[in-house]
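See below for the structure under consideration.
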Amino acid sequence: MSLISKLPQVGTTIFTTMSRMAQEENAINLAQGFPGFGSDPVLLELVAKYTREGFNQYAPMSGVSELKQALAIKTQLTQGYYPDPESEVTIVSGATEALFAAFTAIVHPGDEVIVLEPAYDSYVPAITLNGGVPVFVPLQSPDFSVDWELVGSKITSKTRAIVVNSPHNPSGYVWTIEDVNQLASLVSETGLFVISDEVYEHILFDGRTHISLGSNAILQERTFVCGSFGKTFHVTGWKIGYCIAPKVLSTEFRKVHQYLTFSTVTPLQYALAEYLEDAEKYLELPAFYQKKRDLFLKGLALTPLQFKPSQGSFFQLATYGHLSKKSDVLIAEQMTRQLKVACIPVSVFYSNGQDHQVLRFCFAKKEEELEEALHRIQKVASLF
């Protein structure tokens, strides 16, 4: 059989590889970005309730009205604007689907899409599969902020869109109002579309506030805001997310969505709609996760690794470049096999594998698991 791959460079992801290695080595898995604890029993009981009551057939293609309205209310409360639930809010099967559908809706063969690196690994395949050309712009060291002058220099007549992410995976950088205004100015000048990955919107530290791009009047008209209920409520396996975009963009987005998954699990949608009635369920998340981040940082400070505290997300970066120039892939493997703690080498988030000797740890775990992992990481000097 003669088959030409559309993604010849893509193999098994590092997340799958490291999680499998962690299982084989009986290591603590701080690699893959999923919570190591259960969801609120109240939410689980709501799912059971709607399942028992017969809400088990196809949901409407764009989502259950009750959930779309609840999400619009949440957006009004947290971001100060109210998207129209019926024409501007779409419920999808995970934020990854939202991202893919957004790229597919606007990217045509030959279009360039700006990607800020290091970047989450689903962006480039989605661009490539739609015939687009990723144009990579590195974030600034050491804080992973955006060099807006450099971004502007990469825009050509072929540039169609830019994909952005805040809070940022893997660095944890959180966009400032200056970042939002800089992008708005760029969009106003060039007419770019924006795909905004905001899955960690409620996981912020040290009093920071998430600024959704949809809250900016200029960006609102040209942005797909992609979010995740799975990340927010510790149920990543449910694969349920959303996209908020103006009507003209949502119309094209839904044309793609209806042929990807058509609709998303019905009882989950009704359960989340009722659960969102209590705003404290998401407003309390920063404090919940900051406790875990702070515990992890306290233990990390007892190791020779260097770090800047994460501003948001599930993740904390740590560098060992002052200790060794060994590749981060090798150190991650050795840490898993010898110290029995799995992490992710940050070079995999770069298109060219650029290696700054940085590792990513996920601290969205139970406290006792984090404490044991930190005890093991204190022996990291033995790897250099």
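Can you sort 155, 91 by how many other beta carbons sit within 10 Å, fewest first?
155, 91
Just check region 1-84 against the gyration tensor rule for me: Cα atoms, a ≥ b ≥ c as the square roots of the eigenvalues, rounded for a/c under 1.5, and otherwise prolate or oblate depending on whether a/b exceeds b/c.
Here region 1-84 falls in the prolate category.
Within a 10 angstrom radius of the beta carbon, how do 322, 375 rank from fewest other beta carbons to most?
322, 375
Kyte-Doolittle mean at least 0.0 and Cα extent at least 18 Å along the axis: which DSSP H helices of the chain qualify?
For the chain, where a helix must reach 18 Å along its axis and average at least 0.0, the hits are 177-190.
For every other residue with a beta carbon closer than 13 angstrom to the beta carbon of residue 82, add +1 if it is Lys or Arg and -1 if Asp or Glu, then tell me the sum.
Taking every other residue near residue 82 into account, the sum is -1.
Rounded to the nearest 0.05, what FRET efficiency do residue 288 and residue 221 have when you use their Cβ-Cβ distance and R0 = 45 Å?
0.85
List the pairs from 231/292; 68/247; 68/255; 49/365; 291/366; 292/325 whose alpha-carbon separation is above 20 Å, in the order I gave them.
Checking Cα-Cα distances, 49/365; 292/325 exceed 20 Å.
Here are labelled values, (1) 5, 20, 27, 20, 13, 10, 4, 1, 0; (2) 5, 18, 21, 19, 15, 11, 7, 4, 1, 0; (3) 5, 23, 32, 26, 12, 1, and one is the computed P(r) over Cα pairs in 10 Å bins from 0, in percent for what I pasted. Which one?
Read-out from the structure maps to (3).
Sorted from fewest to most neighbouring beta carbons within 10 Å, what does the list 1, 61, 21 look like?
Least to most surrounded, the residues fall as 1, 61, 21.
HN-Hα J couplings of region 349-359 from phi, Karplus 6.51/-1.76/1.60, θ = phi - 60°, integer Hz, Gly and Pro as x?
8, 10, 4, 9, x, 3, 10, 9, 6, 10, 10
Determine the shape class of region 207-261: with a ≥ b ≥ c the square roots of the Cα gyration tensor eigenvalues, call it rounded for a/c under 1.5, and otherwise prolate if a/b is greater than b/c, oblate otherwise.
Oblate, since a/c reaches 1.5 and b/c is not below a/b.
Rule-based calculations on the coordinates, nothing more; no lab input. Everything numeric in this text was worked out from a predicted model, so none of it was measured. Glycine also receives a Cβ, built like all others from the backbone with ideal geometry; neighbour counts cover every protein chain displayed.
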